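Take a look at the structure below.
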Amino acid sequence: MAYEASLRVWRGDDEGGGLEDFLVEVNEGEVVLDIIHRLQATQAPDLAVRWNCKAGKCGSCSAEINGRPRLMCLTRMGTFDEEEVITITPLRAFPVIRDLVTDVWFNYEKAQSIPPFTPRERDEDGNHRMQQVDVERSQEFRKCIECFLCQDTCHVVRDHEENKPSFAGPRFLMRIAELDMHPLDTLDRRRAAQDDFGLGMCNITKCCTEVCPEGIKITDNALIPMKERVVDRKYVPKTWLGRTIGRRKD
Amino acid sequence: MTDLERHAYDVVVIGAGGAGLRAAIEAHEQGARTAVVCKSLLGKAHTVMAEGGIAAAMGNVYPEDGWKVHFRDTMRGGKMLNHWRMAQLHAQEAPDRVRELEDWGALFDRTPAGLISQRDFGGHRYARLAHVGDRTGLELIRTLQQRTVALGIDVYMECTVTKVIKQQDGSIQGAFGYRRENGRFVLWQAPSVVLATGGIGKSYKVTSNSWEYTGDGHSLALQAGATLVNMEFVQFHPTGMVWPPSVRGILVTESVRGDGGILKNSNGSRFMFDYIPDYFRKETAETEEEADRWYTDKKNNRRPPELLPRDEVARAINSEVKAGRGSPHGGVFLDIASRHDADYIRKRLPSMYHQFKELAEVDITKEPMEVGPTCHYVMGGVEVDPETAAAKVPGLFAAGEVAGGMHGSNRLGGNSLSDLLVFGRRAGLAAAERARATTVPNVADAVLKEAAGEALAPFERDGGENPYTLHAELQTAMNDLVGIIRVAGEMTEALERIEALKVRAKALTVEGQRPYNPGWHLALDLPHMLRVSECIAKAALEREESRGGHTRDDFPGPREEWGALNVICSADGEDVALTRQPLPVMPPDLAEIFEES
């Protein structure tokens, strides 16, 4: 049942590096992260890799497997042929620290820049009241495990470092949508979504949705509705008419 | 020292799980300059793995629930070995701690009236767990993380603390550690240090715990002169995955049983009916019919035995497997497929559905899961003052899993998330208060040089063993010899193996350089795991009875004299010393609660 898999792993640091070949034992039911751990324990003790829960709940072990952004703990070795060479490289959209570990600070910076949740007052008895149907929309987005695979795959920033300052990426545009749909939040977040976080740069190719390990419909349920709400704000007929007439008067 | 980053704070919190973040938020709100130091990225702490919910007697589903009922359930679940005052504060304050999470953005599932919904769990008399599907831990960590960021609290991500630094007078002066990214040393000078480092599961082979659970806080506290209590009590969660081997130990939430899932052996029999202890007989259903009626009519029926406290269920599964009635891969069957339709299961247990589909290619809406016990939680931890979470060292505090006393000999499901909120807040409050009245002098260079030298030692040696080998041997020893069922001979053997590993660990070597080097990181975690394992094995050998998470084949059943005693661990040079200490006595007005039932 056990066999030797051919692994090609990127090793190096911020100054450079390259792919190295390894033969590693694989047993039934194992995932890519198991094989990386075996590689560490037997052949490359200093191989750098981030991981925590090994159950698809924490979003730490993100990497690119044969060029596709994946969680290593949820990628079963059984999905590859035994003869296939499996290439594992660090996330391309972020600077490498060492081996498979990248500097994901970009994401934490974007998280910090989003205006925080600003709730309405509690009811008189000290409780908040919300209906299940109303919390479910934002609950979907709060399933996000912050693996940043969507950030890695999004073509707006993947090979466009220059877009990073003006674009928050799918994860954080979804966070803005989550707050906007939150039954208790009192801020109007539409202008900031468009002007400060680059919602307009998203052209809904759904790459983010495809790589999401939680199966969140980022594009359909967060980004598109948010775009519609931004448009509503800009072109609510009365406001729009008012502005247009106003301009003509000028 | 030149190769060193120095910071000065009022409060330094080690650990960014629920307890650490809640402590930091409180310390910050009290006006303390606060830092959080964590081994992983922010938001990845082990709290994300918690699935079921936060236990709090809010009375949203059962108005007859209240803190006294929750207190009673907690003490009975812990077989009365809990520190009564911790259990009381916990039951009284949990509802407020849950409500404030909503002010910070948490979105719990709702009741029809729009209030926070509450679900059933083992050992709780009423449906009491505030939850979000089966991913409550993620909701908790994200809420606290976002609050921490909104308040602008400094977070030092991917840093490991190797030493707690003390002044000449024995009080806390700060924490010393390194950045995992580049291996550079950091000093966080502060009069208050809060330990919130979680548990010890990585000393066991089959565990639901992540790599971070290496007992750092337990070990740092011991080395600083603090004491540990209840270390013999390790919770084996009854339902971990057993197949395939690479996922063995990963948690299957108790909510599966709370929502109607039943346990069966290879004969198809609901074996839990054969394992109802006298202690819980009055409140447990005797027939399958009564158990099934309970899900819809809780007032007129008693609870199914699948929802007995975790220690009872874990032992029962262990016995079934030993008797040859196990599932093909050495567990038992957990069946929800025959109990509910597929839509209901996917809605109530989305991450379990996902986990089995992805990791085991099992569709839980169509077939039963295979499950078995897994090392999940340590009840034991730093001995603290219930009001302030202060350890025996002035300036040192501990909250969450790293603290002991709250859960006695066995923790009820859902009581962990509430524990870390209640005592995280109390620790942050007391740490800030102490800092207000205390200043610390600069740490001397010689102290820093010594700490740096200790951390770099594995690089200086040649020809020693690799830390991965030693770690695997420790995990096997603890799993096989100090596991769910214990006997004196095996524990003595475990202690001999630990002694030998301690010698070998002093000689181990690491390859490579300081930047992001997992071999080096493990080499520094290993002494912590060895120290904690020694505490568990020694305390377990000392306690000659069976109670909660401690089962002795050679001393079956509880013994009255042990019901009033705690085993306390302290450091004795490089060894662990034990003392027996009387349990704090509950005041009469609380003791009455137990006479009624």
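The values are calculated or read from the model by the stated rules, or taken from the named source; none is laboratory data. As the structure is a prediction and not an experimental result, all values here were calculated from the model. Neighbour counts are summed over all protein chains in view; Cβ atoms, including those assigned to glycine, are modelled from backbone coordinates with ideal geometry. Side chains included, ligands, DNA and RNA excluded: accessible areas come from the protein's heavy atoms. Shrake-Rupley method; radii C 1.70, N 1.55, O 1.52, S 1.80 Å.
So here's what we get for this one:
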| read-out | value |
| --- | --- |
| Cα gyration tensor category, rounded, prolate or oblate, for the protein assembly as shown with a/c compared to 1.5 | rounded |
| Backbone HN-Hα couplings from phi across segment A:162-169 [Karplus 6.51/-1.76/1.60, Hz, Gly and Pro as x] | 5, 7, 4, x, 9, 9, 7, x |
| Percent accessible area from carbon and sulfur atoms, segment A:105-237, protein chains only, probe 1.4 Å | 50 percent |
| Other-chain or far-sequence residues with amide H under 5 Å of residue B:403's (modelled H) | B:382 |
| Cα gyration tensor category, rounded, prolate or oblate, for segment A:1-150 with a/c compared to 1.5 | prolate |
| Where segment A:105-237 is the region considered: accessible area per residue in Å², 1.4 Å probe | 45 Å² |
| Surface accessible to a 1.4 Å probe, per residue, for the residues of segment B:447-582, Å² | 42 Å² |
| Residue A:4-residue B:500 pseudo-label distance in nm [points 7 Å out on the Cα-to-Cβ vector] | 3.1 nm |
| Lysine pairs meeting the criterion (Cα under 27 Å, 8 or more apart or interchain), as found in segment B:238-373 | 14 |
| Residues whose placed amide H lies under 5 Å from that of residue B:5, excluding near-sequence neighbours | B:185, B:186, B:187 |
| From phi via Karplus (6.51, -1.76, 1.60), per-residue ³J(HN,Hα) for segment B:119-125 in Hz, x at Gly/Pro | 10, 6, 8, x, x, 9, 5 |
| Amide H contacts under 5 Å for residue B:566, placed H, 5+ residues apart | B:581, B:583 |
| Neighbouring partner chain Cβ atoms per residue of B:245-254, average, 10 Å criterion | 4 |
| Averaged over A:20-32, number of beta-carbon atoms from partner chains that fall within 10 Å | 2 |
| Protection proxy ranking of B:449-460, A:96-107 - average other beta-carbon atoms within 10 Å, highest first | A:96-107, B:449-460 |
| Gap separating the Cα centres of segment B:558-597 and segment A:17-65, nearest whole Å | 44 Å |
| Of all accessible heavy-atom area on chain B, the percent that carbon and sulfur account for (1.4 Å) | 49 percent |
| Net length gained if the chain between residue B:347 and residue B:319 were fully extended (0.36 nm per residue, minus Cα distance) | 6.8 nm |
| Phi-based couplings in Hz for segment B:137-154 (Karplus 6.51, -1.76, 1.60; Gly and Pro marked x) | x, 4, 4, 5, 5, 5, 4, 5, 4, 5, 5, 4, 5, 4, 7, x, 6, 6 |
| Prolate/oblate/rounded label for segment B:238-373 (Cα gyration tensor, a/c 1.5) | oblate |
| Which of A:206, B:39 is most accessible, then next, and so on - probe 1.4 Å | A:206, B:39 |
| 22 Å Cα-Cα threshold exceeded, pairs from B:166/B:449; B:44/B:202; B:392/B:502 | B:392/B:502 |
| Rounded accessible area per residue of segment B:1-153, 1.4 Å, Å² | 23 Å² |
| Residues in segment B:140-174 that a label on residue B:442 would reach, taking backbone N under 20 Å of a point 7 Å out along Cα→Cβ | B:165-169, B:172-174 |
| With Cα atoms, 0 to 90° folded angle of helix B:415-436 axis to chain B main axis | 30 degrees |
| Peptide B:517-525, shielding by other chains (average Cβ, 10 Å cutoff) | 4 |
| Protein accessible surface hidden between B and A, which excludes ligands and nucleic acids, total in Å², probe 1.4 Å | 5000 Å² |
| Hits among lysines - C-alpha to C-alpha of residue A:206 under 20 Å, sequence gap 8 or more where chains match | A:143, A:164, A:217, A:227 |
| All aspartates and glutamates inside 15 Å of residue B:68 as judged from Cα atoms, apart from same-chain residues fewer than 8 positions distant | B:93, B:589, B:592, B:595, B:596 |
| Rounded to the nearest 10 Å², the accessible area of residue B:569 at probe 1.4 Å | 0 Å² |
| Unpartnered cysteines - no second Cys beta carbon under 4.7 Å - across chain A | A:61, A:73, A:144, A:147, A:154, A:202, A:207, A:212 |
| 5 Å-binned pair-distance histogram of chain A (Cα, whole percent) | 1, 6, 12, 14, 15, 13, 11, 9, 7, 5, 3, 2, 1, 1, 0, 0, 0 |
